[in-house]
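The values are calculated or read from the model by the stated rules, or taken from the named source; none is laboratory data. Since this is a predicted model, take the numbers as computed values, not measurements. Ideal geometry is used to build each Cβ from the backbone, glycine not excepted, and the neighbour counts take in all protein chains shown.
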Amino acid sequence: MTGKAVTRAPRDVTHEGFLNHKGGRWAKLSAALCLLVIAVYALTDPVPPNPTGHNGGTWLGYTLGTLGAVMIVWLSLLGVRKRVVGAKPFSLKGWTSAHVWLGMSLIVIGTLHAGGQLGWNVHSLAWLLMMIVILSGFWGIHLYRSLPEKLSANRGEVTQAQMLEALRTLDRQLDSAAQPLDAADAALVRMSLEETGIAGTLRQRLSGDYSGDGNARALAAVGDKVLAAMRAGQPDERLQQIRFLLERKEAALAQARRHIALKAQLELWLYIHVPVTVALLAALAAHILSVFLYW
(Lines give C-alpha, C1' and ligand atoms only; values in the text may rest on other atoms or scores of the structure.)
Protein backbone atom coordinates (compact mmCIF):
# COMPACT_ATOMS: atom_id res chain seq x y z
CA MET A 1 0.00 0.00 0.00
CA THR A 2 1.36 3.40 -0.96
CA GLY A 3 0.52 6.79 0.41
CA LYS A 4 1.90 10.13 1.28
CA ALA A 5 4.24 10.33 4.22
CA VAL A 6 2.84 12.26 7.11
CA THR A 7 5.10 15.01 8.34
CA ARG A 8 4.72 15.72 12.05
CA ALA A 9 5.74 18.90 13.75
CA PRO A 10 8.73 18.45 16.04
CA ARG A 11 7.62 17.66 19.54
CA ASP A 12 8.52 20.13 22.26
CA VAL A 13 10.15 18.03 24.93
CA THR A 14 11.39 20.94 27.01
CA HIS A 15 10.34 20.45 30.60
CA GLU A 16 8.63 23.46 32.10
CA GLY A 17 8.89 23.58 35.87
CA PHE A 18 6.36 25.24 38.13
CA LEU A 19 8.66 28.20 38.79
CA ASN A 20 8.74 29.26 35.12
CA HIS A 21 5.18 28.22 34.29
CA LYS A 22 3.83 30.06 31.23
CA GLY A 23 7.10 31.90 30.75
CA GLY A 24 7.28 32.99 34.37
CA ARG A 25 3.84 34.62 34.28
CA TRP A 26 3.35 34.53 38.05
CA ALA A 27 6.90 35.66 38.77
CA LYS A 28 6.38 38.73 36.61
CA LEU A 29 2.98 39.43 38.16
CA SER A 30 4.45 39.11 41.66
CA ALA A 31 7.32 41.50 40.83
CA ALA A 32 4.93 44.02 39.28
CA LEU A 33 2.63 43.81 42.29
CA CYS A 34 5.52 44.40 44.71
CA LEU A 35 6.76 47.40 42.71
CA LEU A 36 3.26 48.88 42.59
CA VAL A 37 2.72 48.47 46.33
CA ILE A 38 6.13 49.96 47.16
CA ALA A 39 5.51 52.92 44.82
CA VAL A 40 2.08 53.67 46.29
CA TYR A 41 3.44 53.35 49.83
CA ALA A 42 6.33 55.73 49.08
CA LEU A 43 4.46 58.32 47.02
CA THR A 44 1.21 58.75 48.94
CA ASP A 45 0.36 60.25 52.28
CA PRO A 46 -1.70 58.41 54.87
CA VAL A 47 -5.33 59.41 55.35
CA PRO A 48 -6.04 60.43 58.04
CA PRO A 49 -2.65 62.14 58.57
CA ASN A 50 -0.31 60.02 60.66
CA PRO A 51 3.04 61.35 61.90
CA THR A 52 4.57 57.87 61.75
CA GLY A 53 3.42 57.24 58.17
CA HIS A 54 1.28 54.41 56.84
CA ASN A 55 0.17 51.63 59.15
CA GLY A 56 -2.61 49.08 59.36
CA GLY A 57 -5.15 51.74 60.34
CA THR A 58 -4.77 53.96 57.26
CA TRP A 59 -6.55 53.57 53.93
CA LEU A 60 -3.50 51.90 52.43
CA GLY A 61 -3.13 49.67 55.47
CA TYR A 62 -6.70 48.44 55.12
CA THR A 63 -6.25 47.98 51.36
CA LEU A 64 -3.04 45.97 51.71
CA GLY A 65 -4.49 44.02 54.63
CA THR A 66 -7.53 43.01 52.64
CA LEU A 67 -5.39 42.08 49.63
CA GLY A 68 -2.98 40.08 51.79
CA ALA A 69 -5.75 38.23 53.64
CA VAL A 70 -7.49 37.23 50.40
CA MET A 71 -4.18 36.05 48.92
CA ILE A 72 -3.29 34.02 52.02
CA VAL A 73 -6.64 32.22 52.01
CA TRP A 74 -6.53 31.56 48.27
CA LEU A 75 -2.92 30.35 48.28
CA SER A 76 -3.63 28.05 51.23
CA LEU A 77 -6.17 26.22 49.07
CA LEU A 78 -3.37 24.62 47.06
CA GLY A 79 -3.78 21.44 49.12
CA VAL A 80 -7.45 21.30 48.10
CA ARG A 81 -6.55 21.86 44.43
CA LYS A 82 -4.11 18.92 44.56
CA ARG A 83 -7.03 16.61 45.28
CA VAL A 84 -9.03 17.82 42.28
CA VAL A 85 -8.45 15.85 39.09
CA GLY A 86 -8.25 17.86 35.89
CA ALA A 87 -6.83 21.11 34.60
CA LYS A 88 -9.70 23.48 35.34
CA PRO A 89 -10.45 26.00 36.73
CA PHE A 90 -6.67 26.29 37.26
CA SER A 91 -3.96 23.82 36.37
CA LEU A 92 -2.11 22.37 39.33
CA LYS A 93 1.22 23.59 37.96
CA GLY A 94 -0.18 27.08 37.48
CA TRP A 95 -1.63 27.17 40.99
CA THR A 96 1.67 25.95 42.42
CA SER A 97 3.54 28.65 40.52
CA ALA A 98 1.11 31.28 41.84
CA HIS A 99 1.44 29.81 45.33
CA VAL A 100 5.21 30.30 45.24
CA TRP A 101 5.53 33.69 43.58
CA LEU A 102 2.51 35.44 45.07
CA GLY A 103 3.48 33.94 48.42
CA MET A 104 6.82 35.72 48.15
CA SER A 105 5.08 39.01 47.38
CA LEU A 106 3.30 38.75 50.74
CA ILE A 107 6.61 39.66 52.38
CA VAL A 108 6.24 43.14 50.90
CA ILE A 109 2.45 43.38 51.19
CA GLY A 110 2.28 42.12 54.78
CA THR A 111 5.18 44.23 56.03
CA LEU A 112 3.92 47.45 54.41
CA HIS A 113 0.40 46.71 55.62
CA ALA A 114 1.76 46.98 59.17
CA GLY A 115 3.93 49.94 58.27
CA GLY A 116 6.82 48.12 59.90
CA GLN A 117 5.12 48.67 63.29
CA LEU A 118 5.39 45.30 65.03
CA GLY A 119 5.03 44.40 68.67
CA TRP A 120 3.91 41.71 71.10
CA ASN A 121 0.32 41.27 69.93
CA VAL A 122 -1.87 39.07 67.76
CA HIS A 123 -1.33 41.35 64.76
CA SER A 124 2.43 40.83 64.81
CA LEU A 125 1.87 37.13 65.49
CA ALA A 126 0.02 36.83 62.18
CA TRP A 127 2.91 38.58 60.42
CA LEU A 128 5.48 36.32 62.13
CA LEU A 129 3.60 33.14 61.21
CA MET A 130 3.26 34.40 57.64
CA MET A 131 7.03 34.88 57.45
CA ILE A 132 7.67 31.40 58.85
CA VAL A 133 5.34 29.90 56.24
CA ILE A 134 7.06 31.81 53.43
CA LEU A 135 10.60 31.01 54.59
CA SER A 136 9.75 27.34 55.05
CA GLY A 137 8.35 27.51 51.53
CA PHE A 138 11.86 28.20 50.20
CA TRP A 139 12.91 24.86 51.68
CA GLY A 140 9.89 23.25 50.03
CA ILE A 141 10.87 24.71 46.65
CA HIS A 142 14.33 23.19 46.99
CA LEU A 143 12.87 19.79 47.89
CA TYR A 144 10.33 19.72 45.07
CA ARG A 145 12.98 20.70 42.53
CA SER A 146 15.70 18.30 43.70
CA LEU A 147 13.99 15.23 45.17
CA PRO A 148 12.44 13.73 42.00
CA GLU A 149 15.84 13.54 40.31
CA LYS A 150 17.49 12.14 43.43
CA LEU A 151 14.75 9.53 43.88
CA SER A 152 15.03 8.49 40.25
CA ALA A 153 18.82 8.26 40.40
CA ASN A 154 18.70 6.12 43.55
CA ARG A 155 15.89 3.89 42.34
CA GLY A 156 17.22 3.26 38.85
CA GLU A 157 14.93 0.75 37.15
CA VAL A 158 13.70 -0.67 40.46
CA THR A 159 10.41 0.22 42.11
CA GLN A 160 9.94 0.53 45.85
CA ALA A 161 7.97 -2.73 45.87
CA GLN A 162 10.84 -4.49 44.08
CA MET A 163 13.31 -3.15 46.65
CA LEU A 164 11.26 -4.68 49.45
CA GLU A 165 10.84 -7.97 47.59
CA ALA A 166 14.62 -8.17 47.06
CA LEU A 167 15.12 -7.82 50.82
CA ARG A 168 12.57 -10.54 51.53
CA THR A 169 14.33 -12.83 49.05
CA LEU A 170 17.70 -12.22 50.74
CA ASP A 171 16.16 -13.00 54.13
CA ARG A 172 14.88 -16.32 52.82
CA GLN A 173 18.32 -17.14 51.42
CA LEU A 174 19.97 -16.22 54.72
CA ASP A 175 17.55 -18.39 56.66
CA SER A 176 18.26 -21.33 54.37
CA ALA A 177 22.04 -20.80 54.45
CA ALA A 178 22.02 -20.66 58.27
CA GLN A 179 20.58 -24.18 58.70
CA PRO A 180 23.94 -26.05 58.82
CA LEU A 181 25.62 -23.46 61.09
CA ASP A 182 26.32 -23.99 64.77
CA ALA A 183 24.24 -22.13 67.37
CA ALA A 184 26.61 -19.16 67.73
CA ASP A 185 26.86 -18.48 63.99
CA ALA A 186 23.12 -19.09 63.46
CA ALA A 187 22.44 -16.50 66.16
CA LEU A 188 24.26 -13.90 64.06
CA VAL A 189 21.98 -14.66 61.12
CA ARG A 190 18.93 -14.38 63.40
CA MET A 191 20.26 -10.99 64.47
CA SER A 192 20.08 -9.87 60.87
CA LEU A 193 16.64 -11.40 60.32
CA GLU A 194 15.00 -10.25 63.54
CA GLU A 195 16.72 -6.99 64.50
CA THR A 196 16.87 -5.18 61.18
CA GLY A 197 14.47 -2.34 60.48
CA ILE A 198 14.27 -0.80 57.04
CA ALA A 199 12.97 2.66 57.91
CA GLY A 200 14.23 3.00 61.47
CA THR A 201 13.60 6.08 63.59
CA LEU A 202 13.14 9.60 62.23
CA ARG A 203 16.69 10.41 63.37
CA GLN A 204 18.04 7.42 61.45
CA ARG A 205 16.04 8.26 58.34
CA LEU A 206 17.34 11.82 58.28
CA SER A 207 20.94 11.07 59.32
CA GLY A 208 21.38 7.77 57.47
CA ASP A 209 23.16 6.29 60.52
CA TYR A 210 22.11 2.64 60.91
CA SER A 211 25.38 1.45 62.43
CA GLY A 212 23.55 -0.19 65.36
CA ASP A 213 21.21 -2.09 63.08
CA GLY A 214 21.01 -5.89 63.34
CA ASN A 215 22.30 -6.58 59.85
CA ALA A 216 25.24 -4.18 60.26
CA ARG A 217 26.27 -5.81 63.54
CA ALA A 218 25.84 -9.31 62.10
CA LEU A 219 27.92 -8.42 59.04
CA ALA A 220 30.71 -7.02 61.23
CA ALA A 221 30.76 -10.12 63.45
CA VAL A 222 30.65 -12.60 60.56
CA GLY A 223 33.32 -10.62 58.72
CA ASP A 224 35.61 -10.89 61.74
CA LYS A 225 35.04 -14.65 61.91
CA VAL A 226 35.72 -15.13 58.21
CA LEU A 227 38.93 -13.09 58.47
CA ALA A 228 40.09 -15.03 61.54
CA ALA A 229 39.42 -18.36 59.82
CA MET A 230 41.40 -17.28 56.75
CA ARG A 231 44.33 -16.18 58.89
CA ALA A 232 44.27 -19.58 60.60
CA GLY A 233 44.40 -21.27 57.20
CA GLN A 234 40.96 -22.81 57.68
CA PRO A 235 38.56 -20.79 55.49
CA ASP A 236 34.88 -21.48 56.23
CA GLU A 237 32.88 -21.51 53.00
CA ARG A 238 29.56 -21.51 54.85
CA LEU A 239 30.45 -18.33 56.72
CA GLN A 240 31.78 -16.79 53.51
CA GLN A 241 28.39 -17.47 51.90
CA ILE A 242 26.66 -15.87 54.88
CA ARG A 243 28.92 -12.82 54.64
CA PHE A 244 28.18 -12.53 50.93
CA LEU A 245 24.43 -12.56 51.58
CA LEU A 246 24.75 -10.10 54.45
CA GLU A 247 26.73 -7.73 52.21
CA ARG A 248 24.08 -7.96 49.51
CA LYS A 249 21.41 -7.28 52.10
CA GLU A 250 23.34 -4.29 53.44
CA ALA A 251 23.56 -2.84 49.91
CA ALA A 252 19.84 -3.45 49.33
CA LEU A 253 19.04 -1.86 52.70
CA ALA A 254 21.16 1.18 51.83
CA GLN A 255 19.25 1.72 48.59
CA ALA A 256 15.84 1.32 50.27
CA ARG A 257 16.86 3.59 53.14
CA ARG A 258 18.10 6.31 50.80
CA HIS A 259 14.70 6.17 49.11
CA ILE A 260 12.93 6.44 52.47
CA ALA A 261 15.26 9.22 53.66
CA LEU A 262 14.53 11.36 50.60
CA LYS A 263 10.79 10.97 51.09
CA ALA A 264 11.17 11.67 54.82
CA GLN A 265 12.65 15.10 54.02
CA LEU A 266 9.48 16.05 52.15
CA GLU A 267 7.27 14.63 54.91
CA LEU A 268 9.20 16.58 57.55
CA TRP A 269 8.75 19.78 55.55
CA LEU A 270 5.00 19.17 55.28
CA TYR A 271 4.81 18.56 59.05
CA ILE A 272 6.21 22.07 59.50
CA HIS A 273 4.70 24.00 56.59
CA VAL A 274 1.10 22.79 56.83
CA PRO A 275 0.54 23.19 60.61
CA VAL A 276 2.12 26.66 60.58
CA THR A 277 -0.17 27.57 57.68
CA VAL A 278 -3.19 26.48 59.74
CA ALA A 279 -1.87 28.53 62.68
CA LEU A 280 -1.45 31.50 60.32
CA LEU A 281 -5.09 31.26 59.20
CA ALA A 282 -6.22 31.17 62.84
CA ALA A 283 -4.03 34.16 63.76
CA LEU A 284 -5.24 36.01 60.67
CA ALA A 285 -8.87 35.45 61.70
CA ALA A 286 -8.08 36.70 65.22
CA HIS A 287 -6.26 39.72 63.77
CA ILE A 288 -9.21 40.68 61.55
CA LEU A 289 -11.78 40.07 64.27
CA SER A 290 -9.90 42.17 66.82
CA VAL A 291 -9.58 45.03 64.33
CA PHE A 292 -13.34 45.19 63.75
CA LEU A 293 -14.17 44.78 67.45
CA TYR A 294 -11.68 47.11 69.10
CA TRP A 295 -10.38 49.58 66.53
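Looking for whichever is surrounded by 16 or more Cβ atoms within 10 Å (Cβ to Cβ), closer than 30 Å to PHE18 by Cα and of a type outside the set (Val, Ile, Thr) here; the options are ARG155, ARG217. Which one fits?
Result: ARG155 is the single residue among ARG155, ARG217 that is surrounded by 16 or more Cβ atoms within 10 Å (Cβ to Cβ), closer than 30 Å to PHE18 by Cα and of a type outside the set (Val, Ile, Thr).
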Given the residues TRP120, TRP127, which is the only one that is among the hydrophobic types (A, V, I, L, M, F, W, C), closer than 25 Å to THR58 by Cα, surrounded by fewer than 16 Cβ atoms within 10 Å (Cβ to Cβ) and in the same structural domain as VAL276 (by TED's automatic domain parsing)? TRP120
In the list GLU157, GLU149, which residue meets the criterion of being under 32 Å from the mean Cα position of the chain (by Cα), of a type in the set (Asp, Glu) and part of a loop (DSSP other than H, G, I, E, B)? GLU157
Taking the options ALA183, ALA178, name whichever one is surrounded by 15 or more Cβ atoms within 10 Å (Cβ to Cβ) and over 30 Å from ALA286 (Cβ atoms). ALA178
Filtering segment 227-246 for residues that are within 23 Å of LEU167 (Cα to Cα) and either touching a residue at least 60 places away in the same chain (Cβ under 8 Å) or surrounded by 13 or more Cβ atoms within 10 Å (Cβ to Cβ) (or both) leaves a count of 9
Residue check, LEU281 more than 30 Å from GLY103 (Cβ to Cβ), touching a residue at least 12 places away in the same chain (Cβ under 8 Å) and surrounded by 12 or more Cβ atoms within 10 Å (Cβ to Cβ): no
